[in-house]
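Worksheet: one structure, shown below.
The values are calculated or read from the model by the stated rules, or taken from the named source; none is laboratory data. Worth saying up front: this structure is predicted, and the values here are computed from it rather than measured. Virtual Cβ from ideal backbone geometry, glycine too; neighbours counted across all protein chains shown. Please note that ligands, DNA and RNA were not included when accessible areas were found on the heavy atoms of the full protein model with its side chains. Shrake-Rupley method; radii C 1.70, N 1.55, O 1.52, S 1.80 Å.
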Amino acid sequence: MTTKASKANTTPAIIAMFFLFAMISFVTGFQNPFGVILKNQLSLSALQSQLGNLANFIAYAFMGIPAGILLQRKGYKFSAIASVLVGLLGVAIMFVSSYLPDDAIFAVYLIGAFVAGFSMCMLNTVVNPMLNTLGGGGNKGNQLIQFGGSLNSLAATICPILVGYLMGNVANSSLVDARPALYIAGGIFILATIVLIFTNIPEPILDAIKEEEKVKKETAKQAEPTLSGALRFRHFVLGAIAIFIYVGVEVGIPNMANLYMTNDVKIAASAAGVLVGMYWFLMLIGRFVGGIIGGKVSSRAMLSTVAAIGMIFILLACICDPATTIAIPAFDADFNLISVDAPINILFLVLCGLCTSVMWGGIFNLAVEGLGKYTAVASGFFMVMVCGGGIIPLVQGGVADACGYLSSYWVLFAGLAYILYYALIGHKNVNKNISTEA
């Protein structure tokens, strides 16, 4: 039974995990505005501006499974500290790149983004189960995870607004202007490391392994569930593809919108940052609403609805005349609230945040339904498929170079069409004859 003293001792760790939950989104969010900065600083193409995002997300493909193994073998505390130190290294490399000449800055920045991606993957693997453990599981553990998820969305809202403000005039901005954001990230990583080192954290995974080893000495070792076993389920394979596409859609919408606003429409970086921040803020609202109605509405119904609405929003963004504008809130150089005219297309892209907010949970629930003993290994594979957040925006960037920014959203329209197909048809388990009992 957890005592009041032990609960008090874990409070610093809970706070640290909340900050780390936010940092996952904050550091990942760098790649969008930083891509805009480097595009103008180095005269990059739209495709090249997405390479930092690709480097960040492709790290998931390399680290997804190893991160799970590290957690399994070394436990929460070791894995969390390792994750934070790797993240600090990634931020440091990006910081160093801002001091380099233009012919070297991009390559070093990409290395920093790649290393930071390792950290984000490791943190994603650690933070959710750690918060659940610190909360003692059950409703309290779930409550802590929901609080952490809210901070994650809040950080995603703040990041583009903050960096957009620091950029000032996009045409004259450079990575040097974004250093304060890197200071913030590095400072929180350092603080979290110190807190984690001096905090006692329960290790149920390590305790379970020790108990299992005792049992294995007395009984024959049973075959462990493998990824190849999970891949025998068609609905899981299609769901993994849906996760790959979903993360790409979620990231691609604001990334290309930021480039469109700052390059074609010539909106100030601060105003563009506010609009991108509104997209992430609507994701925060969507997650709250999804949590409220999630117990009454099926994952299939929720996912199919938001996928269809998202397709409508993307369609409207592609076909509406950009000459039609709306007034949006923004900040000037002195951080005073002002109003800026933006194409109505941007409004529809921002509204997509309400749709993308609940897709991960819906896809995950449908994809692991009926997997039984394969659920854990399937969950680890999903982390690998997060790399879609780097690959699909890269493809979208190539289309933007060839056909224009708004036309590139047809790539995401096709992605949402696949997600709708999965929600309506592809999620059905047609392999019920496969044994899933442990």
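Set side by side, the residues VAL297, VAL251 differ, and just one is of a type in the set (A, V, I, L, M), closer than 30 Å to ALA378 by Cβ and open to solvent by 50 Å² or more (accessible area, probe 1.4 Å), which is VAL297. Residues that are assigned to a helix (DSSP H, G or I) and open to solvent by 20 Å² or more (accessible area, probe 1.4 Å) within the range 30-54 comprise LYS39, ASN40, GLN41, LEU42, LEU47, GLN48, LEU51, LEU54, listed in sequence order.
Residues in the range 196-205 that are in a helix (DSSP H, G or I), buried (at least 16 other Cβ atoms within 10 Å of the Cβ) and at pLDDT 70 or above: LEU196 only. Within the range 358-372, residues that are open to solvent by 30 Å² or more (accessible area, probe 1.4 Å) and of a type in the set (Asp, Glu) sit with their Cβ atoms under 8 Å from residues that are modelled with pLDDT of 80 or more and not in a helix (DSSP H, G or I), at 6+ positions apart or across chains, in these pairs: GLU369/HIS427; GLU369/ASN429.
For the range 247-270, residues that are touching a Leu at 6+ places or on another chain (Cβ under 9 Å) and of a type outside the set (S, T, N, Q) total 12. Residue pairs whose Cβ atoms lie under 6 Å apart, separated by 6 or more positions or on different chains, with the first residue in the range 397-422 and farther than 28 Å from ALA367 by Cα and the second among the aromatic types (Phe, Trp, Tyr) and surrounded by 17 or more Cβ atoms within 10 Å (Cβ to Cβ), are TYR405/TYR260. Taking the range 393-410 as the range and being under 20 Å from GLN31 (Cα atoms) and in a helix (DSSP H, G or I) as the test, the residues that pass are PRO393, LEU394, VAL395, GLN396, GLY397, GLY398, VAL399, ALA400, ASP401, TYR409.
Taken together, the criteria exclude LYS432 from residues that are at pLDDT below 95, touching a Pro at 6+ places or on another chain (Cβ under 8 Å) and open to solvent by 50 Å² or more (accessible area, probe 1.4 Å).
The single condition from (1) modelled with pLDDT of 90 or more; (2) within 16 Å of GLY117 (Cα to Cα) that LEU47 fails is (2).
Per-residue answers, yes or no, for (1) within 15 Å of TYR422 (Cα to Cα); (2) polar (S, T, N, Q); (3) modelled with pLDDT of 90 or more:
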{"site": "THR219", "(1), (2), (3)": "no, yes, no"}
{"site": "GLU224", "(1), (2), (3)": "no, no, no"}
{"site": "LEU231", "(1), (2), (3)": "no, no, yes"}
{"site": "ARG234", "(1), (2), (3)": "yes, no, yes"}
{"site": "VAL237", "(1), (2), (3)": "yes, no, yes"}
{"site": "ALA240", "(1), (2), (3)": "yes, no, yes"}
{"site": "TYR246", "(1), (2), (3)": "yes, no, yes"}
{"site": "ILE253", "(1), (2), (3)": "no, no, yes"}
{"site": "ALA257", "(1), (2), (3)": "no, no, yes"}
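If you filter the range 300-323 down to residues that are crowded, with 20+ Cβ neighbours inside 10 Å and under 19 Å from TYR279 (Cβ atoms), you find that the one that is farthest from the chain's Cα centre (by Cα) is ALA317.
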